[in-house]
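What follows is a set of notes on a single structure, which appears directly below.
We did not get these values from a lab; they are worked out from the coordinates using the rules stated. In this text the structure is predicted, and so the values were computed from the model without any measurement. Every residue, glycine among them, receives a Cβ derived from its backbone with ideal geometry; neighbour counts consider all protein chains shown.
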Amino acid sequence: MSAPRRLASRLLHEVVRHSSSDSRDWANAMLGELDFIESDWAALLWALGSTSAILKHSVPRGLRACFGKRSNQEEGPMLKHIRRTAAGTLSGVMIAVVVLVGAFGLVRLLFVLYPEPDLKRVQWAELLAVIVVPETIFIVSALALWRKRRSMAVGIVMSAVTLVAHVVVHLTTH
Amino acid sequence: MKLRLSPQTLQVLDAFLQAPKDWIYGYDISRNTGLKSGTLYPILMRLAERKLLETSWETAEVGKPPRHLYRLTPEGMRFAQEHHLRHAIGRLARVAFSGVNR
């Protein structure tokens, strides 16, 4: 079996495995057709299209279920996974924001307690406290969480990247 | 009955009308209409949800996965014929009016 066909088959098997109960028949139907597609690349395109079709079918239902319109119906494992990942990522972002706000608040408090006349040193201290220390915390915590709570780690990494991008934009414009 | 009748949906309905009593495979519809699976299957799902399309599993040969088959329900047949006719009339009218305007 060629690599594109193997990839197509694996992708559709995963789609079948993770699809909700009302999408599973359709996912199996698309998988069943795969063996009858002559070209390997056409088979891969078929699998990609099928994945998007199942997502189109599942995601609106999942969103409706999330907002309680269909709360009494059975929820598929794919939707559970999406919800859990989103919650994990969001909590990662929230943790990062709390760390950042804490660092920023601490710096402000230090400046109130120990007023520093040297402006250059103040700027470096601020840069260290608001960027370097939180970034280090983000990287260390993301590495620690990567295996067990990947979605949370992704949220932290996203925040770290956003902070760096913000600083770069700030430094280039000012 | 509300169904978004895109040109692609009409293509699918036309494909079914070519052999109204026969069961058809998804891949065959895809080849006949030129629609990719990502476009075709959402249409089939909508038609099935509205009871315009019936589905069935083909008994599998040894070593081969079962295949899903599709056919219009009597209601689906009426719906397809009605819209096929309406679009044919629309096309004829457009051709006729463009001839008059010229």
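Key figures for this structure:
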{"read-out": "Neighbour count of at most 14 Cβ within 10 Å plus DSSP loop: longest GluC sites (Glu not before Pro)-free window in chain A", "value": "A:75-174"}
{"read-out": "Cα-centre dipole for chain B with unit charges at Cβ (Lys and Arg positive, Asp and Glu negative), debye to 20", "value": "480"}
{"read-out": "When each of B:LYS21/B:LYS51; A:LYS148/B:LYS36; A:LYS56/A:LYS148; A:LYS80/A:LYS148 is checked by Cα-Cα distance, pairs over 28 Å", "value": "A:LYS148/B:LYS36; A:LYS56/A:LYS148"}
{"read-out": "Most positive-pole-ward Cα, B:HIS84, B:MET45, B:ALA19, against dipole of chain B from beta carbon charges", "value": "B:HIS84"}
{"read-out": "Sum of -39500 (n - 2.57) over DSSP H runs of 4+, divided by residues of chain B (222 nm, nearest 500)", "value": "-19500 deg cm²/dmol"}
{"read-out": "FRET E, pair B:GLU58, A:SER39, Förster distance 22 Å, beta-carbon r, rounded to 0.05", "value": "0.45"}
{"read-out": "Two-decimal Rg/Rh across the range A:3-66, once Rg and the Kirkwood Rh are taken from alpha-carbon atoms", "value": "1.02"}
{"read-out": "Average beta-carbon neighbours from other chains, 10 Å sphere, peptide A:127-135", "value": "0"}
{"read-out": "Averaged over B:34-46, number of beta-carbon atoms from partner chains that fall within 10 Å", "value": "6"}
{"read-out": "Loop-resident sites, the range B:5-62, for trypsin sites (Lys or Arg not before Pro), counting at most 10 other Cβ within 10 Å (DSSP)", "value": "B:LYS21"}
{"read-out": "Chain A pair-distance distribution - Cα-Cα, 10 Å bins, rounded %", "value": "9, 23, 21, 20, 14, 8, 4, 1"}
{"read-out": "Peptide A:48-56 - average C-beta neighbours from other chains (10 Å radius)", "value": "5"}
{"read-out": "Computed E for A:THR85/B:HIS84 - FRET, C-beta separation, R0 45 angstrom, nearest 0.05", "value": "0.50"}
